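Q: Here it is: the structure, laid out below.
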Amino acid sequence: MSTAREALTTIADIHAERVALGKVTIAGWVRTRRGSKKFSFLEVNDGTSGRSLQVVIDGSLPNYEAEILALTTGASVRVEGQLVSSPGQGQKFELQASSVKVYGLADPEKYPLQKKDMTYEYLRDVAHLRGRTATFAGIFRIRARVSQAIHRFFSDNGFYYIHSPLLTTSDAEGAGETFQVTTLPLAQPPRTATGGIDYSKDFFGAQAMLCVTGQLEAEALALGLGKVYTFGPTFRAENSNTSRHLSEFWMIEPEMAFYELEDNMTLAQDMIRYVVKDVLDHCADDLENIVSRNGVETREYLRMALERPFVRVTYTEAVDILKASGRTFEYPVEWGEDLKSEHERYLCEEHFKAPTIVYNYPSVLKAFYMYQNDDGKTVRAMDLLMPGIGEVIGGSQREDREHVLLEKMKTKGIPSEHLEWYIDLRRFGGVPHSGFGLGLERLLVWITGMGNVRDVIPFPRVPGVCKF
Ligand code: 4AD
Ligand code: MG
């Protein structure tokens, strides 16, 4: 005997004509019901497709009056019946029900999802239900597809998927934006002789935090396995309430021995293109839905990204372009200052109109581990900027000279206490190596044209919000 799940046909398979006409069983959630005492039409969606299936229910079914007439948006059903070619407009198939099991009703007075156009802000508050809307189900299907494509790309190119720790004792980016992890009693923590908190008494015998990156550990494994990547959650306590920042986001970090900065750029371009092609080939319906709802046509620039090489421009050249643009930016452009979102977007959206890699940034702006150029002022850093979002990737060639690294840690005030192991990677058989970090949510914003990273992760965490 087959299990309940095995007996089900998916609505995606029906629309793709992978199912023969005749007897089928589907199960899902009612998007709408209309009809009369004599018969009803349901639009049912099971999460496998952006499109629903029309179900026709005759008033002669035994539970018609008691249950079918009570079906409203959000109710859950299992329908057995005959799949037939539909005589009606707008759909190729319909299901003529022979029996309908009602799993659960959804009181229309209370059900938070109603037919009227709900704003994305409203839907964030009911994130436990937004996966039932066409837009968000589509986004999360695309997210799943993108994630798998990334794994496939790396696997096909000789990379090993590694798992870097989430608990750490080093703020690897040195930005001081970490969430602390402790089991010390907060009201009365143990004190040192000088009155500070005595972390030697804490759970790990040292001050610990959630990771802001898995890069340093990825470097350790790359210098042994050759090419590795991580794909995991990342935590940052930056207090930025923007459409590009999450407190918990997913980052993909490849790290490659014997790669220099230019190899790193080429890899980033190849990976992005692989993912874009995969999404265009496999998520066309969902992308179409999202693009038409938002009125932001992303597919043009996605296709362009497949055809034209990504622009490569040094930070110094980028600053010159911005200065010559004649634009008044909110933040002035000065060599040595960080590029703000408005600058990044001007470069890739208006000046180059293409994905743009900016490289060789001033060392003062970047983390301690980046390779120092001979000019003494810049490091072999690279950021990939995308239309609609700005920075999607940040990476670099790594400093592999022990004495330069130690010097850099000193000037940046990075204590070596918890990083001796990292310096060891330079002391013993060090090699040139490079890597980057891709923010999954930023990539998804670029692909879908959704305006906010909060709307491409199922349950966003941002300052003040850790619901669900
Ligand atoms: O540029 P970032 O800080 O680089 C690193 O963490 C390096 N360790 C990566 C590496 O070389 N292995 O972060 C990398 C990417 C950014 O380009 C951005 O896409 C994303 O991570 N990101 C965020 N995404 C959402 N919310 C935030 N608060 C983010 N901070 C960074
Ligand atoms: Mg960055």
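Q: From Ile447, Ile389, Ile423, grab the single residue that is farther than 17 Å from Leu261 by Cβ, modelled with pLDDT under 95 and β-branched (Val, Ile, Thr).
A: On the way: Ile447 fails: modelled with pLDDT under 95; Ile423 fails: modelled with pLDDT under 95.
That would be Ile389, the only listed residue that is farther than 17 Å from Leu261 by Cβ, modelled with pLDDT under 95 and β-branched (Val, Ile, Thr).
Table: residues versus (1) of a type in the set (Gly, Ala, Ser); (2) modelled with pLDDT of 95 or more.
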residue: Ser155; (1), (2): yes, yes
residue: Tyr161; (1), (2): no, yes
residue: Asp171; (1), (2): no, no
residue: Gly174; (1), (2): yes, no
residue: Thr194; (1), (2): no, yes
residue: Glu219; (1), (2): no, yes
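Q: For the range 419-445, what are the residues that are open to solvent by less than 20 Å² (accessible area, probe 1.4 Å) and either among the hydroxyl-bearing types (Ser, Thr, Tyr) or within 15 Å of ligand 2 (Cβ to nearest atom) (or both)?
A: Within the range 419-445, Tyr422, Ser434, Gly435, Phe436, Gly437, Leu438, Gly439, Leu440, Glu441, Leu443 qualify.
Q: Considering every residue within the range 451-460, establish whether at least one is surrounded by fewer than 21 Cβ atoms within 10 Å (Cβ to Cβ) and modelled with pLDDT under 95.
A: Yes, the range 451-460 contains a residue that is surrounded by fewer than 21 Cβ atoms within 10 Å (Cβ to Cβ) and modelled with pLDDT under 95.
Q: Also, quick follow-up: Look at the range 77-92 and say how many of its residues are at pLDDT below 95 and open to solvent by less than 30 Å² (accessible area, probe 1.4 Å).
A: The qualifying residues number 1.
Q: Run Glu407 past the list (1) under 19 Å from Val358 (Cα atoms); (2) touching a strand residue (DSSP E or B) at 6+ places or on another chain (Cβ under 9 Å) and report the number of the one that doesn't hold.
A: (1)
Q: A follow-up question, please. Where in the range 31-137 are there strands (runs of 3 or more DSSP E), lying fully within it, with 2 or more residues that are β-branched (Val, Ile, Thr) and farther than 14 Å from Ile11 by Cβ? Don't jump to the end; show me each part of the working.
A: Values: elements: 39-45, 53-58, 76-85, 93-104.
The qualifying strands (runs of 3 or more DSSP E) are 53-58, 93-104.
Q: Look at Val275 and say whether it is farther than 23 Å from Ser396 by Cα and crowded, with 19+ Cβ neighbours inside 10 Å.
A: Details: farther than 23 Å from Ser396 by Cα: no; crowded, with 19+ Cβ neighbours inside 10 Å: yes.
Considered against the rule, which asks whether it is farther than 23 Å from Ser396 by Cα and crowded, with 19+ Cβ neighbours inside 10 Å, Val275 comes out as no.
Q: Tally up the residues in the range 382-418 that are surrounded by fewer than 19 Cβ atoms within 10 Å (Cβ to Cβ), farther than 21 Å from Lys227 by Cα and more than 10 Å from ligand 2 (Cβ to nearest atom), please.
A: Number of matching residues: 13.
Q: Can you give me the number of residues within the range 145-196 that are assigned to a loop (DSSP other than H, G, I, E, B) and in contact (Cβ under 8 Å) with a residue 24 or more places away in the chain?
A: Residues of the range 145-196 assigned to a loop (DSSP other than H, G, I, E, B): 157-159, 162-166, 169-179, 182-190, 192-196.
Those still in the list that are in contact (Cβ under 8 Å) with a residue 24 or more places away in the chain too: 157-159, 162-166, 169-175, 177-179, 182.
Number satisfying all stated conditions: 19.
Q: Does the range 204-225 contain any residue that is open to solvent by 70 Å² or more (accessible area, probe 1.4 Å), in a loop (DSSP other than H, G, I, E, B), away from ligand 1 (no atom under 16 Å from the Cβ) and without any contact (Cβ under 8 Å) to a residue 24 or more places away in the chain?
A: No, there is no match, as no residue in the range 204-225 is open to solvent by 70 Å² or more (accessible area, probe 1.4 Å), in a loop (DSSP other than H, G, I, E, B), away from ligand 1 (no atom under 16 Å from the Cβ) and without any contact (Cβ under 8 Å) to a residue 24 or more places away in the chain.
Q: Further, regarding this structure: Can you work out which of the residues in the range 258-267 that are touching a residue at least 40 places away in the same chain (Cβ under 8 Å) and surrounded by fewer than 21 Cβ atoms within 10 Å (Cβ to Cβ) is farthest from the chain's Cα centre (by Cα)?
A: Among them, the one singled out is Phe258.
Q: Go through (1) among the hydrophobic types (A, V, I, L, M, F, W, C); (2) in contact with a strand residue (DSSP E or B) (Cβ under 7 Å, 6 or more places away or on another chain); (3) surrounded by 15 or more Cβ atoms within 10 Å (Cβ to Cβ) and name the single condition Ala137 misses.
A: For Ala137, the exception is condition (2).
Q: Given the criteria in contact (Cβ under 8 Å) with a residue 40 or more places away in the chain and at positive phi, does Gly138 qualify? Full working, then the answer.
A: Numbers: in contact (Cβ under 8 Å) with a residue 40 or more places away in the chain: yes; at positive phi: no.
For Gly138, the condition - in contact (Cβ under 8 Å) with a residue 40 or more places away in the chain and at positive phi - is not met.
Q: Within the bounds of the range 210-220, is there any residue that is within 16 Å of ligand 2 (Cβ to nearest atom) and in contact with a helix residue (DSSP H, G or I) (Cβ under 8 Å, 6 or more places away or on another chain)?
A: Within the range 210-220, one or more residues are within 16 Å of ligand 2 (Cβ to nearest atom) and in contact with a helix residue (DSSP H, G or I) (Cβ under 8 Å, 6 or more places away or on another chain).
Q: Hey, another quick one. Output the number of the condition that Met304 fails; it satisfies all remaining conditions of (1) open to solvent by 10 Å² or more (accessible area, probe 1.4 Å); (2) at pLDDT 95 or above; (3) more than 16 Å from ligand 2 (Cβ to nearest atom); (4) not aromatic (Phe, Trp, Tyr).
A: (2)
Q: Determine whether Glu43 is on the phi < 0 side of the Ramachandran plot, without any contact (Cβ under 8 Å) to a residue 40 or more places away in the chain and surrounded by fewer than 18 Cβ atoms within 10 Å (Cβ to Cβ). Break it down stepwise before answering.
A: Values: on the phi < 0 side of the Ramachandran plot: yes; without any contact (Cβ under 8 Å) to a residue 40 or more places away in the chain: yes; surrounded by fewer than 18 Cβ atoms within 10 Å (Cβ to Cβ): no.
For Glu43, the condition - on the phi < 0 side of the Ramachandran plot, without any contact (Cβ under 8 Å) to a residue 40 or more places away in the chain and surrounded by fewer than 18 Cβ atoms within 10 Å (Cβ to Cβ) - is not met.
Q: Could you please find all residues in the range 107-122 being open to solvent by less than 70 Å² (accessible area, probe 1.4 Å) and in contact (Cβ under 8 Å) with a residue 60 or more places away in the chain?
A: Passing the criteria: only Tyr120.
Q: Which pairs do you get when a residue that is among the aromatic types (Phe, Trp, Tyr), found in the range 238-250, comes within reach of a residue that is away from ligand 2 (no atom under 16 Å from the Cβ) and open to solvent by 40 Å² or more (accessible area, probe 1.4 Å), reach meaning Cβ atoms under 9 angstrom, with the pair 6+ apart or on two chains?
A: Filtered contacts from the range 238-250: Phe249/Arg461.
Q: Could I ask something else about it? Which one of these is at pLDDT 95 or above and under 20 Å from Asp263 (Cβ atoms): Tyr359, Tyr346?
A: Details: Tyr346 fails: under 20 Å from Asp263 (Cβ atoms).
Being at pLDDT 95 or above and under 20 Å from Asp263 (Cβ atoms) holds for just one of Tyr359, Tyr346, which is Tyr359.
The values are calculated or read from the model by the stated rules, or taken from the named source; none is laboratory data. Computed from a prediction, not measured in an experiment: that's the story for all the values here. Virtual Cβ from ideal backbone geometry, glycine too; neighbours counted across all protein chains shown. These accessible areas exclude ligands, DNA and RNA; they are computed on the full protein's heavy atoms, side chains included. Shrake-Rupley method; radii C 1.70, N 1.55, O 1.52, S 1.80 Å.
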